[in-house]
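The values are calculated or read from the model by the stated rules, or taken from the named source; none is laboratory data. What you are looking at is a predicted structure, and each value in this text was computed from that prediction instead of being measured. Every residue, glycine as well, gets a Cβ built from its backbone with ideal geometry; the counts of neighbours run over all protein chains shown. All accessible areas refer to the heavy atoms of the entire protein, side chains included, with ligands and DNA or RNA removed. Shrake-Rupley method; radii C 1.70, N 1.55, O 1.52, S 1.80 Å.
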Amino acid sequence: MSDTSRRPSKPGKPYRRPQKDPVRILAFEALRAVDERDAYANLVLPPLLRKAREKGDFDGRDAALATELVYGTLRRQGTYDAVIAACVDRPLREVDPPVLDVLSLGAHQLLGTRIPTHAAVSASVELARVVLGDGRAKFVNAVLRKVAQHDLDAWLEQIAPPYDEDPEDHLAVVHSHPRWVVSALWDSLGGGRAGIEDLLEADNERPEVTLVARPGRGTTDELLREEAAVPGRWSPYAVRLTEGGEPGAIEAVKDGRAGVQDEGSQLVALALANAPVEGTDEKWLDGCAGPGGKAALLAALAAERGAMLLASEKQPHRAGLVAKALAGNPGPYQVIAGDGTRPPWRPGSFDRVLMDVPCTGLGALRRRPEARWRRRPEDLDGFAPLQRGLLRTALESVRVGGVVGYATCSPHLAETRAVVADVLKQFPETELIDARPLLPGVPALGDGPDVQLWPHVHGTDAMYLALLRRTG
């Protein structure tokens, strides 16, 4: 049947087949996967884009637009929900999730991009016709026409409470973070409006892709020959791709000589590797090694000194990712699937131990924007025993005179200083090492002895690091 055919859904009215827009259909599919399967966009989107390119549906500009639509919609979801709620005559929970996804995509095009208003509305209505049907498309059309009546600043004036009346709720709506996350981040920063606004805005920016050249395997010189590549800010092994791109297509990344790794993650590994130990320096442990970025860098640094790394990861499939990351390491290493709270190794076996513990991930909201909507305050109670148990294991696993690095990709005080303080009470013969000198050239590291990195200050994920030495 051709597009010029008629299907009389209403007497005498021509039927126009919906126009399929591969970019927006793909963006919708990615959002549905995030919503329905609790998937992460950074895992869902790449295979969808690859499949679209293989079919010939996409070029580079199409992929860039699809990526912006998905990540932009997820980052600003809280703000867009508030705008949409002001434009519908029912509670948002009564709007079917697929309809809400189409509305959110439309709201982002209207309020968060330079796509012309008419094009944003018409493209969203066409998407609705394809994926939802004509009836719901009319609803989408009506709502988005209301959304289009104001720009984002005008909407924020309407939907956000004044800062002076409710600062946390104001920031939550304006910067699209759950209120409890705003409160937690503000506590971690130590107060002040400018800092929290800068941090929340940094969470909503697209992060650069950062590569690591693994010592003894790859070099930054090779990576710097890539298009739009510049040196990292702090790590001697870091290279930033300022225009994004596909790191998986880079030969050094394909071969495992380099990898994708945030510079904050690199700094944590480097600080542990460079911390002074007393006595031998031959056996290192990464006790929560998945998916393998820090383990690969640690193994390479250990190889330069004739040391070996044991990389332990509880989940077998993640242990497989660690093994893949370490394949080709120039020195000895071993990867095992082991539970860090019930370790298969003997106490006091290691000179250096890294425990990058499972956490809420509030430090990586730039890369996983959906995490802010998925996490709940009660999640902290679930992580707390595990984090303390893993740090206890780390301190039991290191010999006297050795060093432990406790790391999280969360700045929440309940996951950082509170954990360290609690566990130190059980290990009186342990001292905190000042980690700041081990991050040379990195500014604004606070009063120490631990270190908290920040997206708006350092351009990294909000990694936390405490270094501890067993003294007896």
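Brief remarks follow.
- Each label was represented as a point 7 Å from its Cα along the Cα-to-Cβ direction; for LYS146 and VAL400 these points are 7.2 nm apart.
- For ASN42 and LEU424, the difference between the fully extended length at 0.36 nm per residue and the C-alpha to C-alpha distance is 133.9 nm.
- Å² of accessible area per residue within region 303-420, as computed with a 1.4 Å probe and no ligands counted: 40 Å²
- Part-to-part distance (alpha-carbon centres) for region 346-366 and region 436-454, which is given in Å: 18 Å
- Area of TRP186 that stays accessible when all protein chains are in place (1.4 Å probe, Å², to 10): 40 Å²
- Amide H contacts under 5 Å for LEU285, placed H, 5+ residues apart: LEU310, ARG352, VAL353, LEU354
- With a cut-off of 10 Å between beta carbons, the residues surrounding ALA238 carry a summed charge of 0, where Lys and Arg count +1 and Asp and Glu -1.
- Surface share of carbon and sulfur [accessible, 1.4 angstrom probe, percent] for the chain: 50 percent
- The heavy atoms of THR117 present about 70 square angstrom of accessible area, all protein chains included, probe 1.4 Å.
- When both bridge partners sit in the chain, DSSP labels roughly 55% of those beta bridges antiparallel.
- Above-threshold pairs, the threshold being 23 Å between Cα atoms, out of LYS283/LYS314; LYS254/LYS314; LYS254/LYS294; LYS20/LYS138; LYS20/LYS55; LYS283/LYS324: LYS254/LYS314
- Helix-only [θ]222 nm of the chain, DSSP H runs n ≥ 4, -39500 (n - 2.57) each, per residue, nearest 500: -14000 deg cm²/dmol
- Cα-based helix-to-principal-axis angle, 293-304 vs the chain, degrees rounded to 10: 30 degrees
- Rolled with a 1.4 Å probe across the full set of protein chains, the surface gives VAL442 an accessible area near 20 Å².
- Extended-chain gain in nm, criterion 0.36 nm per residue less alpha-carbon gap, ASP57 and GLU304: 84.3 nm
- Where HIS170, HIS118 fall by accessible area, highest first, once all protein chains stay in place (1.4 Å): HIS118, HIS170
- For VAL335, the residues whose modelled amide H falls within less than 5 Å of its own, excluding neighbours fewer than 5 places apart on the same chain, are ALA311.
- Within-15-Å neighbourhood charge of THR280 [Cβ basis; K, R +1; D, E -1]: +2
- For the pair ASP89 and VAL277 in one chain, pulling the backbone fully straight at 0.36 nm per residue adds 61.2 nm over the alpha carbon distance.
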